[in-house]
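Okay, so here's the structure we're looking at.
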Amino acid sequence: MIYAFLNQKGGVGKTTLSIHTAEELARRKRRVLLIDADPQGSAMNWSNCRESASFTVVGMPKATIHKEIEMLSVNYDDVVIDGPPRVTELARSIVLAADLVVIPLQPSPLDLWAASETAELVREAQTYKPEIGVCLALNRRIANTAIGRDVRIALKELEVPVLRSDIGQRVAFAETAVTGMTVLNKKHSKAAREIRKFVNELRRVA
């Protein structure tokens with residue numbers, strides 16, 4: 001299965017969700033490849049801080065991913081692609097390579113507008129590859145605020161499925177990232193439970 005995390009807006013948590021999805025899949029005994037296709041290389045930087053590796057990370061910010069994905073994925077059960085910000089030829093290549101495009105967004109109008117552009121990119125790709133799936137994922141949601149609910153209502157206009165498994169705004173994600181770990185290292189934490197629910201839902205919709 002090939003999961004691609006894309007949004008043409010930066011700062012929505014693509015890398016965090018990519019890393020945590022890959023880690024959770026690996027913990028389920030899946031052979032996982034994480035492709036860092038963002039020229040900023042944040043996932044690669046995280047990987048370089050790891051003390052042990054449960055999955056493979058490679059850097060490949062090239063607009064030929066869709067042509068090479070079959071060869072790259074041959075020894076893996078799942079591939080996770082951390083995409084770049086901005087709609088570019090690289091982003092289009094990633095969409096064509098994916099089985100499921102996940103569009104992370106924060107509950108804000110700016111993120112909503114950016115998500116609509118990414119959703120349109122997927123629709124364009126579906127004319128060539130109709131089986132590409134797409135969904136929206138609410139990330140960095142602040143608990144007990146109305147804005148999360150309001151954004152969900154607004155998202156209906158995009159006509160793209162929205163995952164029910166929101167990810168909260170939690171310091172633990174930043175704290176673990178700097179040491180090459182994930183929130184899943186504390187498996188009983190709220191953040192870890194959210195990630196497990198998130199991956200469960202991804203696998204159901206894929």
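Just a few scattered comments:
- Test: residue in the stretch 180-192 that is among the basic types (Lys, Arg), assigned to a loop (DSSP other than H, G, I, E, B), farther than 16 Å from residue 83 by Cβ and free of Cβ contacts under 8 Å to residues at least 12 places away in the same chain: yes
- Taking every residue in the stretch 43-67 that is closer than 16 Å to residue 17 by Cα and pairing it with any residue that is charged (D, E, K, R) and surrounded by fewer than 16 Cβ atoms within 10 Å (Cβ to Cβ), at least 6 positions away or on another chain, the pairs with Cβ-Cβ distances below 8 Å are 55/31.
- Single condition residue 120 does not satisfy, out of (1) without any contact (Cβ under 8 Å) to a residue 12 or more places away in the chain; (2) of a type outside the set (Lys, Arg); (3) touching a Gly at 6+ places or on another chain (Cβ under 9 Å): (3)
To keep it simple, each residue is scored yes or no on (1) within 24 Å of residue 58 (Cβ to Cβ); (2) touching a Gly at 6+ places or on another chain (Cβ under 6 Å); (3) surrounded by 14 or more Cβ atoms within 10 Å (Cβ to Cβ); (4) modelled with pLDDT of 90 or more.
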position	(1), (2), (3), (4)
83	yes, no, yes, yes
104	yes, yes, yes, yes
124	no, no, no, yes
137	yes, no, yes, yes
146	no, no, no, no
175	no, no, no, no
178	yes, no, no, no
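- When every residue of the stretch 153-174 is checked against the conditions, at least one turns out to be touching a Ser or Thr at 6+ places or on another chain (Cβ under 6 Å) and in contact (Cβ under 8 Å) with a residue 24 or more places away in the chain.
- Residue 128 fulfils the conditions (1) among the aromatic types (Phe, Trp, Tyr); (2) at pLDDT below 95; (3) under 21 Å from residue 23 (Cβ atoms) except for a single criterion, (3).
- Scanning the stretch 65-81 for residues that are more than 13 Å from the chain's Cα centre (by Cα), among the polar types (S, T, N, Q) and in a helix (DSSP H, G or I) turns up nothing.
- Residue 30 of a type outside the set (A, V, I, L, M), outside any strand (DSSP E or B), in contact with a strand residue (DSSP E or B) (Cβ under 7 Å, 6 or more places away or on another chain) and surrounded by fewer than 18 Cβ atoms within 10 Å (Cβ to Cβ): yes
- Filter result (in a loop (DSSP other than H, G, I, E, B) and among the acidic types (Asp, Glu)) within the stretch 33-64: 38, 51
- Residue that is surrounded by fewer than 19 Cβ atoms within 10 Å (Cβ to Cβ), closer than 19 Å to residue 200 by Cβ and among the hydroxyl-bearing types (Ser, Thr, Tyr), where the choices are 165, 108: 165
The values are calculated or read from the model by the stated rules, or taken from the named source; none is laboratory data. Because the structure is a prediction, the values reported are computed rather than measured. So basically every Cβ, Gly included, is an ideal-geometry build from the backbone, and we count neighbours across all protein chains shown.
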